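Contents: one structure, followed by commentary.
Every number in this text was worked out from the coordinates using simple rules, so none of it is lab data. The shown structure was predicted, so the numbers you read here are calculated from the model rather than taken from an experiment. We place every Cβ from the backbone using ideal geometry, glycine too, and count neighbours over all the protein chains shown.
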Amino acid sequence: MNKFDIRKKIINLRRRKNIYNYEIKKKLLKNIKKIFFFKNKIVAGYFPINHEISILEILKYLEKKNKIVFPKIKNKNQMEFYPWDKFDFLTVNYLGIPEPNFNKKKEYPDIMFIPMVAFDQNKNRLGYGGGFYDRYIKKIEKKKRVIKIGCAFSFQKINKLPINYYDKKLDFILTEKEII
């Protein structure tokens, strides 16, 4: 199966399942507390769209001891991260994604929670096809080491993703059932 077909299949499956319930959020938070201890880190989050798994509860928990940053799309399809807290407003960009709408100093995350359409056991990620996260990861890894945590529902796992030179591997994958 090619990337286009995988995207179509998984996005339709997510839409049909429409899973945004309290129990899943609780399981995600429990998994993250069990494995990771973040303190005084810059943590990149995302606002879920298109029936993506929500990590907002995790960010709310991590906000107590860390700085939270959200992505903002800049010119030439580049992405940067800017500080955000629960009292800040987000605006919707041209892709329909909420992002920070203010001129704070950009930050370079230590830890990135990354949304995805599909993943495999080898920690490969399939996004929407724009390459925003892959380009950003390539850029930031020239400056510093960053922990990349993909976030998805367990049903988004497939046997083997077709990958290419530009695709960046993740360090961990977090689902409501496991951490890979």
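Tell me, Kirkwood radius of the stretch 1-83 from alpha-carbon pair distances, in Å? This gives a value of 14.8 Å.
Between amide H atoms placed 1.01 Å from N, distances below 5 Å from ILE179 occur with no residue 5 or more places distant or on a separate chain. When the Cα atoms of the stretch 34-178 are aligned to their principal axes, the ranges along those axes come out at 41, 38, 31 Å in descending order. Remark on GLY150: its backbone amide H falls under 5 Å from those of ILE114, ASP171, PHE172, ILE173, LEU174, a criterion applied only to residues 5 or more positions apart or on other chains, H modelled at 1.01 Å from N.
The stretch 58-85 and the stretch 97-162 have Cα centres separated by 12 Å.
Bridge orientation summary for the chain: considering DSSP beta bridges with both residues in this region, about 45 percent are antiparallel. Mean residue ellipticity, 222 nm, helices only, the chain: the sum of -39500 (n - 2.57) across DSSP H runs of n ≥ 4, divided by residue count and rounded to 500, is -7500 deg cm²/dmol. Across the stretch 42-60, the residues whose backbone nitrogen lies under 18 Å from the label position 7 Å along the beta-carbon direction of ARG145 are 42-44.
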